[in-house]
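In what follows, a single structure is set out as structure tokens and then discussed.
The values are calculated or read from the model by the stated rules, or taken from the named source; none is laboratory data. Fair warning: this is a prediction, and the values are worked out from it, not measured in the lab. Reconstructed Cβ throughout: ideal geometry from the backbone, glycine too, with neighbour counts over all protein chains shown. Note: areas computed on protein heavy atoms with side chains; ligands, DNA, RNA excluded. Shrake-Rupley method; radii C 1.70, N 1.55, O 1.52, S 1.80 Å.
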Amino acid sequence: MSWAWEYAFGAEEAARTAPPIFLTAVERKAAELVRAAEAQYLHGRAYGGDDPKGGDLTVPGGMFTYQIVVRYERVYIVQITYLGF
């Protein structure tokens, strides 16, 4: 398995109604998070520590909440919020 990101919980459903330009911004930022996590946790599957604290990121048009699960080598987008700005 290699590092990737994906929507979790209700974020996938919310993504179906969000504007494409907003989703593009979310996906680009998620890809950046994946690259950073991959560089920091080189042996993710063998990682024995606690997962890092997730966070909120602002992107043009809104924000999203993410969580990194190192042993699964995943960045999960758990909530997206389109604000239209």
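I need a count of the residues in the range 49-62 that are surrounded by 13 or more Cβ atoms within 10 Å (Cβ to Cβ) and closer than 14 Å to I21 by Cβ.
Applying the first criterion (surrounded by 13 or more Cβ atoms within 10 Å (Cβ to Cβ)) to the range 49-62 yields 51-52, 54, 57-59, 61-62.
Now restrict to residues that are closer than 14 Å to I21 by Cβ: 59, 61-62.
Looking only at that region, the number is 3.
Of the residues T65, T24, T81, which single one is in a helix (DSSP H, G or I), of a type outside the set (K, R) and either touching a residue at least 24 places away in the same chain (Cβ under 8 Å) or open to solvent by less than 80 Å² (accessible area, probe 1.4 Å) (or both)?
Numbers: T65 fails: in a helix (DSSP H, G or I); T81 fails: in a helix (DSSP H, G or I).
When all the criteria are applied, what remains is T24.
Select from the range 1-18 the residues that are assigned to a loop (DSSP other than H, G, I, E, B), more than 14 Å from F64 (Cα to Cα) and of a type outside the set (S, T, Y) and write down the one among them that is most open to solvent (accessible area, probe 1.4 Å).
Here is the first cut: in the range 1-18, the residues assigned to a loop (DSSP other than H, G, I, E, B) are 1-3, 8-10, 16-18.
Imposing the further condition that a residue be more than 14 Å from F64 (Cα to Cα) reduces the set to 1-3, 16-17.
From the residues that got through so far, the ones that are of a type outside the set (S, T, Y) too are 1, 3, 16.
On the way: M1: 138, W3: 25, R16: 158 Å².
Checking each candidate, the answer is R16.
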Inset, instruction - Report whether or not E38 is out of contact with any Cys (no Cβ under 7 Å at 6 or more places or on another chain) and closer than 27 Å to F85 by Cα. - result: no
Inset, instruction - Run P52 past the list (1) part of a loop (DSSP other than H, G, I, E, B); (2) within 27 Å of F85 (Cα to Cα); (3) touching a helix residue (DSSP H, G or I) at 6+ places or on another chain (Cβ under 8 Å) and report the number of the one that doesn't hold. - result: (2)
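Quickly run through the range 27-48 and pick out the residues that are basic (K, R) and either open to solvent by 90 Å² or more (accessible area, probe 1.4 Å) or in contact with a helix residue (DSSP H, G or I) (Cβ under 8 Å, 6 or more places away or on another chain) (or both). If you could, list the steps in order and put the result at the bottom.
Taking the range 27-48 as the starting set, the residues that turn out to be basic (K, R) are 28-29, 35, 45.
The answer is R28, R35, R45.
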